[in-house]
Amino acid sequence: MTVRILRLPRLTRILVVALVALLLVAAVFPLVDILYVNYFFATETIILPSLISVALGLIVYVWGWRSIVGTVGEPLEPTLSARVFVSLALLLILIDLVLILQGLAMTNWIAG
């Protein structure tokens, strides 16, 4: 799977990395919100959960850029970092799907 992703055009790999970063933000945002509201809430720091989630997404984006996109002209090889990044991407897709289905079930869209 990693080799196929590395063979994609550069723009497509950039979009894949951006999507993975967004998937991470979508997956961790509810957890960060719950932890913040239950343990650290203060009206002066109300933007803190968003900043934490975005920082994590930015870290994953930079990691994906280094391992999947690379610099112009750099030969890309399926390194351990690239394989772990692709594995994380697949895990995040699964986690986000579960969160979506859980949200739909809680709003009675699935349960009818």
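Rounded to the nearest 10 degrees, the inclination of helix 10-35 to the longest alpha-carbon principal axis of the chain is 20 degrees.
For segment 11-83, the solvent-accessible area of protein heavy atoms averages 65 Å² per residue (probe radius 1.4 Å; ligands and nucleic acids excluded).
Within the full protein context, the accessible area of D96 is estimated at about 10 Å² for a probe radius of 1.4 Å. Rounded to the nearest 10 square angstrom, V32 shows an accessible area of 20 square angstrom against a 1.4 Å probe. Rounded to two decimals, the Cα-based Rg/Rh of the chain, with Kirkwood Rh, is 1.08.
Which of rounded, prolate or oblate describes segment 48-106 when judged by the alpha-carbon gyration tensor and an a/c cut-off of 1.5? Judged from the Cα gyration tensor, segment 48-106 comes out oblate (a/c at least 1.5, b/c at or above a/b).
Helix 48-64 sits at what angle to the longest principal axis of the chain, using alpha carbons and giving 0 to 90 degrees rounded to 10? For helix 48-64, the angle is close to 20 degrees.
Using heavy atoms of the protein chains and a probe of 1.4 Å, the accessible area assigned to L94 is about 100 Å². Neighbours of R10, meaning other residues whose beta-carbon lies under 15 angstrom from its beta-carbon, give a summed charge of +3 when Lys and Arg score +1 and Asp and Glu score -1.
The values are calculated or read from the model by the stated rules, or taken from the named source; none is laboratory data. Everything quoted here is computed from the prediction, not taken from an experiment. Because the Cβ atoms are built from the backbone with ideal geometry, glycine has one as well, and the counts that use them run over all protein chains shown. Side chains included, ligands, DNA and RNA excluded: accessible areas come from the protein's heavy atoms. Shrake-Rupley method; radii C 1.70, N 1.55, O 1.52, S 1.80 Å.
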